[in-house]
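Every number in this text was worked out from the coordinates using simple rules, so none of it is lab data. Please read these numbers as outputs of a predicted model, since none were measured by experiment. Here the Cβ positions follow ideal geometry from the backbone for every residue, glycine too, while neighbour counts run over all protein chains shown.
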Amino acid sequence: MHTQLTRRFKRQSLFLALALSQFGILGVAHAEMPEAPTRAVASPQSAFGALKHVKAGLLDVAYAEVGPATGPVVILLHGWPYDIDSYAQVAPLLAAKGYRVLIPYARGYGDTRFLSDKTLRNGQPAALASDVIDFMDALKIKQAVLGGYDWGARSADIVSALWPERVKALVSVSGYLIGNQAAGKNPLPPKAELQWWYQFYFATERGAEGYQKNTHDFAKLIWQLASPQWKFDDATFDRSAKGLENPDHVAITVFNYRWRLGLVQGETKYDPLEQKLAQAPSIGVPTITLEGDANGAPHPKPEDYAKRFTGKYEFRLINGGVGHNLPQEAPEAFAKAVIDADHL
């Protein structure tokens, strides 16, 4: 499904003042240098300023990089409907400890683009997770600490479950988010179904058209519902909303939620991965899961997923009215979890 957004915006980039130290953290794998340097391009959408690009798998991936180039690697994955600015305060905290922090725009977000117009705009979870592996391969990163929330946490969970040798440690907001189409067909209690209203909305053509027409306002509503105590200002939201103006964003979003309900089928090349994910595989890499005390989005209970993590494991409840976008709402807590998970 291809959906074209017609608006294009240019915005002067904001630059973070990052204080970087040169001391590293022991016990984390270092990245090899890529064969060819990536290009840095000024982005109108990110608080990180100039972004880098690398061709990885099906995509030309736009990503922010913060910290020493030879430092141990942390890859941070954003959710929906958010963008890489969720980590604008997390990244310098990690960079100051010597980490090389990479924050890629997922397919359908920001300046990331498909390399071919003929590629299916597929939003199934296995495809998004495969993009992470392709990104690591393109930059010749053998192993990294992964962190994520929402869609990003799901991708990080999948990579950790299916490619554990590539993951030094994991930080996952809302814990174990691996699902499958069979489970997605099961009805939930009425209150739980109500929380998933947007998923059912996207199942209709009216929903696809409505999200296309009202992406900005729709995303802002999700932010408000998912983080009811987070008093973000218009500038904060508008900066991230620019990342949703990607020409494939609506198509990827609608495909993702329709796939979960079994209304569309993914690509057959991902079938072997989906078959493994349907078994709810355990995650054995060192993991810290986080939850905000005011998360208004649908999320599982920590006690229900703890057994899925079979390695060194810790759960942390982050208090203070913290909602769904935990890295942006509680950056210090998220950064600390990344460092601590690396040393479990």
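The criterion of at least 1 residues that are out of contact with any His (no Cβ under 6 Å at 6 or more places or on another chain) and acidic (Asp, Glu) is met, among helices (runs of 4 or more DSSP H) falling completely within segment 205-293, by 205-213, 215-226, 234-241, 271-277. You will find that of Ala297, Ala306, the residue that is in contact with an Asp or Glu (Cβ under 8 Å, 6 or more places away or on another chain) and either part of a helix (DSSP H, G or I) or in contact (Cβ under 8 Å) with a residue 60 or more places away in the chain (or both) is Ala297 and no other.
Taken over segment 114-173, the criterion of being within 16 Å of the chain's Cα centre (by Cα) and among the β-branched types (Val, Ile, Thr) is satisfied by Val132, Ile133, Val145, Ile158, Val159, Val167, Val171, Val173. On inspection, Tyr109 does not qualify as of a type in the set (Phe, Trp, Tyr) and more than 20 Å from Gly266 (Cβ to Cβ). Residues of segment 112-126 include at least one that is small (Gly, Ala, Ser), under 15 Å from Asn246 (Cα atoms), buried (at least 23 other Cβ atoms within 10 Å of the Cβ) and touching a residue at least 24 places away in the same chain (Cβ under 8 Å). When Leu102 is tested against the conditions (1) of a type in the set (A, V, I, L, M); (2) closer than 16 Å to Lys55 by Cβ; (3) surrounded by fewer than 24 Cβ atoms within 10 Å (Cβ to Cβ), the lone failure is (3). For segment 129-172, filtering for residues that are of a type outside the set (A, V, I, L, M, F, W, C) and closer than 21 Å to Ala335 by Cα leaves 13.
Applying the selection to segment 80-114, what residues are β-branched (Val, Ile, Thr) and in contact with a Pro (Cβ under 9 Å, 6 or more places away or on another chain)? Don't jump to the end; show me each part of the working.
Within segment 80-114, the subset β-branched (Val, Ile, Thr) is 84, 90, 101, 103, 112.
If the condition is that a residue be β-branched (Val, Ile, Thr) and in contact with a Pro (Cβ under 9 Å, 6 or more places away or on another chain), then Ile84, Val90, Val101, Thr112 are the ones that fit.
For segment 206-218, indicate whether the set of residues that are under 24 Å from Ala330 (Cα atoms) and among the hydrophobic types (A, V, I, L, M, F, W, C) is non-empty. Yes, some residue in segment 206-218 is under 24 Å from Ala330 (Cα atoms) and among the hydrophobic types (A, V, I, L, M, F, W, C). Exactly one residue out of Phe218, Phe237 is closer than 25 Å to Ala47 by Cα, surrounded by fewer than 18 Cβ atoms within 10 Å (Cβ to Cβ) and among the hydrophobic types (A, V, I, L, M, F, W, C), and it is Phe237. Residues of segment 144-165 that are of a type outside the set (Val, Ile, Thr), surrounded by 20 or more Cβ atoms within 10 Å (Cβ to Cβ) and within 16 Å of Asp342 (Cα to Cα): Ala144, Leu146, Gly147, Gly148, Ala156, Asp157, Ser160.
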